[in-house]
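K.L.:
Dropping the structure in here first, questions after.
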Amino acid sequence: MARGHPALEAAVARSRKLLHRRAMMAAAAGVVPVPGLDWAVDAALLTRLIPQINAEFGLTPAQLDRLTPHKREQVQKAVGMVGSALIGRLITRELVMRALRIVGVRLTAQQAAKFVPLAGQAASAALGYATLRYLGEMHLRDCVEVAKTSDLLLPAPAPTPRRRG
């Protein structure tokens, strides 16, 4: 996806690590036998995850506002080419729910699986992980494409907080 672009490769690696952690949370919510809980958790996770991935690639609204008008126009054209509704915008619950509807069949199967003890909960967890991972990977692919197409300089990685211990 980002071969030959070290900064992009690093941003992809950081984003995938974050995506994996969030997908594991979605899987944990899938195990809980409360119908609808996983939809709410998925929406909440994506509402936080998408802006974090955008930030890795310099594609948050605030980061885009700091670009020169010419560079901002290049980015907007690239966003239009990939057709993403989640890049460079304030991420709202409504936008996330629209993205979740794309994988609605998976989520419906996940809800139905919850009613089968143990095996259904395992299937629900797997579907929760796969759904969030799929949406995150699609967004990540779009971010890489926009960054490459518009020749966008990526921001420096955020410093990781050090643990006291």
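K.L.:
Does the stretch 51-59 include one or more residues that are free of Cβ contacts under 8 Å to residues at least 24 places away in the same chain and at negative phi? Walk me through it before giving the result.
P.N.:
Taking the stretch 51-59 first, the residues free of Cβ contacts under 8 Å to residues at least 24 places away in the same chain are none.
The answer is no, given that none of the residues of the stretch 51-59 is free of Cβ contacts under 8 Å to residues at least 24 places away in the same chain and at negative phi.
K.L.:
If Leu18 satisfies all but one of (1) closer than 27 Å to Leu152 by Cα; (2) in contact (Cβ under 8 Å) with a residue 40 or more places away in the chain, what's the number of the condition it fails?
P.N.:
Failed condition: (2).
K.L.:
Can you confirm whether the stretch 69-79 contains a residue that is at pLDDT 90 or above, in a helix (DSSP H, G or I) and within 30 Å of Gly128 (Cβ to Cβ)?
P.N.:
The answer is yes; a qualifying residue exists.
K.L.:
Filtering the stretch 46-91 down to residues that are of a type in the set (D, E, K, R) and closer than 28 Å to Met25 by Cα, which residue is least open to solvent (accessible area, probe 1.4 Å)? Step through it out loud before you land on a result.
P.N.:
So the first thing to find is which residues in the stretch 46-91 are of a type in the set (D, E, K, R), and the list is 48, 56, 65-66, 71-73, 77, 89.
If we keep only those that are closer than 28 Å to Met25 by Cα as well, we get 48, 56, 89.
Values: Arg48: 140, Glu56: 41, Arg89: 115 Å².
Among them, the one singled out is Glu56.
The values are calculated or read from the model by the stated rules, or taken from the named source; none is laboratory data. None of the values given here were measured: they were computed from a predicted structure. Because the Cβ atoms are built from the backbone with ideal geometry, glycine has one as well, and the counts that use them run over all protein chains shown. Side chains are part of the model used for accessible areas, which takes the heavy atoms of the whole protein and leaves out ligands, DNA and RNA. Shrake-Rupley method; radii C 1.70, N 1.55, O 1.52, S 1.80 Å.
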